[in-house]
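Asker: What follows is a single structure, and I will ask about it in a moment.
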Amino acid sequence: MSSDKKIFIIGGGQAAIYAASEIRKLDKEASIYILGEENSHPYERPPLSKDFLLNSKQENEFLFFSESFFEEQNINYINEKIEKVNFQNKELVSKNNKYLYDKLLITTGSTNRKLQINEEIDSKVFYLRSLEDAKKIKNEIREIKKIAIIGGGFIGLEIASSLNQQNKSVTLIEISEQLMGRIIPAPIANLVKDEHEKNGNKIYLNCNIKNINKVEDGFEIILDNKEIIHTEMVIAGIGSIPTVDLFNQTNLKIENGILTDEFNQTSIKDVYAAGDVSNFYHPLFKNNLRLEAYQHAQNHGINAGKNIAGFKTSYSSVPWMWSDQFNFNLQLTGLCDQYDEALKRGTSLENGIVYFFIKKNKIIGACGLGLSGKIGRDIRIASKLIEKNTDVDKKILLDENIKLNSLLKK
Amino acid sequence: MSDNWVEVAKTDAIEMEDLIRFDHGDKTFCVYRIEDGYFATDGMCTHEDVHLEDGLVMDDEIECPMHQGIFNIKSGEALSPPACEDLKTYPVKVENDLVYINIS
């Protein structure tokens, strides 16, 4: 299929580049423009909290595609910030330019929630989402020993793990009673806490921050139980929200992100959305979801590409994500709340522990933790079983000695 | 028999659509049994330091258990991100119910 359509993509991350690549595979003639705010071709974010902080990967070692890819595929990447969108005229306006699109894909991603203490403190807190953020952290930690991380989600924990491995003294403060939110089973969250503490990280749960003061050699974090934590640097990982401010004055339907159907289509004709920013209808779960994960950004972007190129394709991938901390790997697939029962397979980190979440006798989700590589296969099989939507054999799930592969053949 | 052929295991030591880990000297491999026969690749994923022995074999593909990168077992081709560097493959032969790998 080919056309001379002008396709613009606002946002220069993973969903953008995979959508562009897919469009090009299916349409040799369309003009494709990615308008990204970052001064870099799209790159992988997972290494920012791990390999890059640990100095085992350099900048430019985790781009999705080589520099020559853009020329070979005739995909234009423009480092530009769009300031206004006029959907009626199909117009995008930046400081110095105006663009007219035939089809538009929005992949603006999500933005970190910011701490709000006071102006002085807020300006000194570090965050992590972009390469620039990671470089600032790397630069700051060179001369520093004591670091406090606010937020016990995946980002906070991965940073805590990486900084610990750089011999820093790390304290992590989490507001709720367990790490990583309520979708991770409490026993797994506890094992993760144990591993961090075994490695020397201090973890505070159920702690709210009353105030943060600047002192001579760093900061004083005052908790609501009056305890004071002295630190030299504060990094916050307290969640993120979809980046939609550009569209707030338009009639694009927005609710916890840009609403889309299973074909990446938004409420406005010829406008699509994909990745972190999209609150999409999932035909398998018959519900809307917003996912912030690597594989989703990739596959949702590819799906958007197919639809934009004229191939109507439904997106029904089973959600999947991972987190690497120290020498263990945590994985999550499907939905891990609103279940009837949870079945536990395995007893040790060495061989891996997986929880399967069952609803009406079918697997709807799974969460596992184990030494690197140990739980991946069972989680992958769980993803496939979720997709199959068939009744589950609980005996096999519970028995570590029976390989789960047999369940795929039924 | 040429010096480069090394005995791995009995043919029935590997289940269908499955694999075993095979270590030889300071090298490590994965030896697979699929519909089209027996095949062998390097054991370590090219993306990160993980052994593919814990990965899922489906049809003629192996999925890395860490980040779900996918490789073609027969050609070693990296098929799905984050895998982007192909796996090295090795010739395999079956003789008298034994599987051999050619490590040169």
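Conditions tested, residue by residue: (1) in contact (Cβ under 8 Å) with a residue 24 or more places away in the chain; (2) more than 14 Å from the chain's Cα centre (by Cα).
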{"position": "B:Val6", "(1), (2)": "yes, yes"}
{"position": "B:Glu17", "(1), (2)": "yes, no"}
{"position": "B:Thr46", "(1), (2)": "yes, no"}
{"position": "B:Leu56", "(1), (2)": "no, no"}
{"position": "B:His67", "(1), (2)": "no, yes"}
{"position": "B:Glu77", "(1), (2)": "no, no"}
{"position": "B:Cys84", "(1), (2)": "yes, yes"}
{"position": "B:Tyr90", "(1), (2)": "yes, no"}
{"position": "B:Asp97", "(1), (2)": "yes, yes"}
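Asker: Does B:Thr41 count as assigned to a strand (DSSP E or B), away from chain A (no Cβ under 14 Å) and hydroxyl-bearing (Ser, Thr, Tyr)?
Answerer: yes
Asker: Taking segment B:1-38 as the region of interest, how many residues are surrounded by fewer than 16 Cβ atoms within 10 Å (Cβ to Cβ), touching a Lys or Arg at 6+ places or on another chain (Cβ under 9 Å), within 14 Å of chain A (Cβ to nearest Cβ) and outside any loop (DSSP other than H, G, I, E, B)?
Answerer: 2
Asker: Of everything in segment A:264-281 that's part of a loop (DSSP other than H, G, I, E, B) and β-branched (Val, Ile, Thr), which residue is surrounded by the most Cβ atoms within 10 Å (Cβ to Cβ)?
Answerer: The residue in question is A:Thr266.
Asker: Somewhere in segment A:282-290, is a residue within 14 Å of chain B (Cβ to nearest Cβ) and either hydroxyl-bearing (Ser, Thr, Tyr) or surrounded by 17 or more Cβ atoms within 10 Å (Cβ to Cβ) (or both)?
Answerer: No, every residue in segment A:282-290 fails to be within 14 Å of chain B (Cβ to nearest Cβ) and either hydroxyl-bearing (Ser, Thr, Tyr) or surrounded by 17 or more Cβ atoms within 10 Å (Cβ to Cβ) (or both).
Asker: Give me the strands (runs of 3 or more DSSP E) completely within segment A:123-206, filtered to those with at least 2 residues that are closer than 21 Å to A:Glu292 by Cα, ordered by residue number.
Answerer: Where strands (runs of 3 or more DSSP E) fall fully within segment A:123-206 and carry at least 2 residues being closer than 21 Å to A:Glu292 by Cα, they are A:146-150.
Asker: Can we say A:Ile222 is more than 14 Å from chain B (Cβ to nearest Cβ) and surrounded by 19 or more Cβ atoms within 10 Å (Cβ to Cβ)?
Answerer: Criteria not met by A:Ile222.
Asker: Identify, please: which residue in segment A:330-349 is among the small types (Gly, Ala, Ser) and surrounded by 17 or more Cβ atoms within 10 Å (Cβ to Cβ) and is, among those, farthest from the chain's Cα centre (by Cα)?
Answerer: Going through the qualifying residues, I end up with A:Gly346.
Asker: Tell me, which strands (runs of 3 or more DSSP E) wholly within segment B:46-101 include 1 or more residues that are surrounded by fewer than 20 Cβ atoms within 10 Å (Cβ to Cβ) and more than 14 Å from chain A (Cβ to nearest Cβ)?
Answerer: Ranges flagged: B:70-72, B:92-95.
Asker: Hey, among the residues in segment A:299-314 that are in contact with a helix residue (DSSP H, G or I) (Cβ under 7 Å, 6 or more places away or on another chain) and surrounded by fewer than 24 Cβ atoms within 10 Å (Cβ to Cβ), which one's nearest to the other protein chains (Cβ to nearest Cβ)?
Answerer: Applying the filter and picking the extreme gives A:Ile302.
Asker: As an exercise: evaluate A:Phe356 against (1) surrounded by fewer than 23 Cβ atoms within 10 Å (Cβ to Cβ); (2) touching a Gly at 6+ places or on another chain (Cβ under 9 Å); (3) away from chain B (no Cβ under 14 Å) and give the number of the one condition it does not meet.
Answerer: If we test A:Phe356 against (1) surrounded by fewer than 23 Cβ atoms within 10 Å (Cβ to Cβ); (2) touching a Gly at 6+ places or on another chain (Cβ under 9 Å); (3) away from chain B (no Cβ under 14 Å), just (1) comes out false.
Asker: Inside segment A:166-180, can you point out the residues that are within 29 Å of A:Ser56 (Cα to Cα) and surrounded by 14 or more Cβ atoms within 10 Å (Cβ to Cβ)? Outline the logic, then answer.
Answerer: The initial filter retains those residues of segment A:166-180 that are within 29 Å of A:Ser56 (Cα to Cα), namely A:166-174, A:179-180.
Matches in segment A:166-180: A:Gln166, A:Lys168, A:Ser169, A:Val170, A:Thr171, A:Leu172, A:Ile173, A:Glu174, A:Leu179, A:Met180.
Asker: Somewhere in segment A:233-252, is a residue assigned to a strand (DSSP E or B) and surrounded by fewer than 19 Cβ atoms within 10 Å (Cβ to Cβ)?
Answerer: Yes, some residue in segment A:233-252 is assigned to a strand (DSSP E or B) and surrounded by fewer than 19 Cβ atoms within 10 Å (Cβ to Cβ).
Asker: For A:Leu343, which of the numbered conditions (1) within 14 Å of chain B (Cβ to nearest Cβ); (2) touching a Phe, Trp or Tyr at 6+ places or on another chain (Cβ under 7 Å); (3) aliphatic (A, V, I, L, M) fails to hold?
Answerer: Against the list (1) within 14 Å of chain B (Cβ to nearest Cβ); (2) touching a Phe, Trp or Tyr at 6+ places or on another chain (Cβ under 7 Å); (3) aliphatic (A, V, I, L, M), A:Leu343 comes up short only on (1).
Since every read-out is calculated from the coordinates, none of them should be taken as a lab result. Remember, it's a predicted structure, so these values are computed and weren't measured experimentally. Using ideal geometry, Cβ is built from the backbone for each residue, glycine included, and neighbour counts are taken over all protein chains shown.
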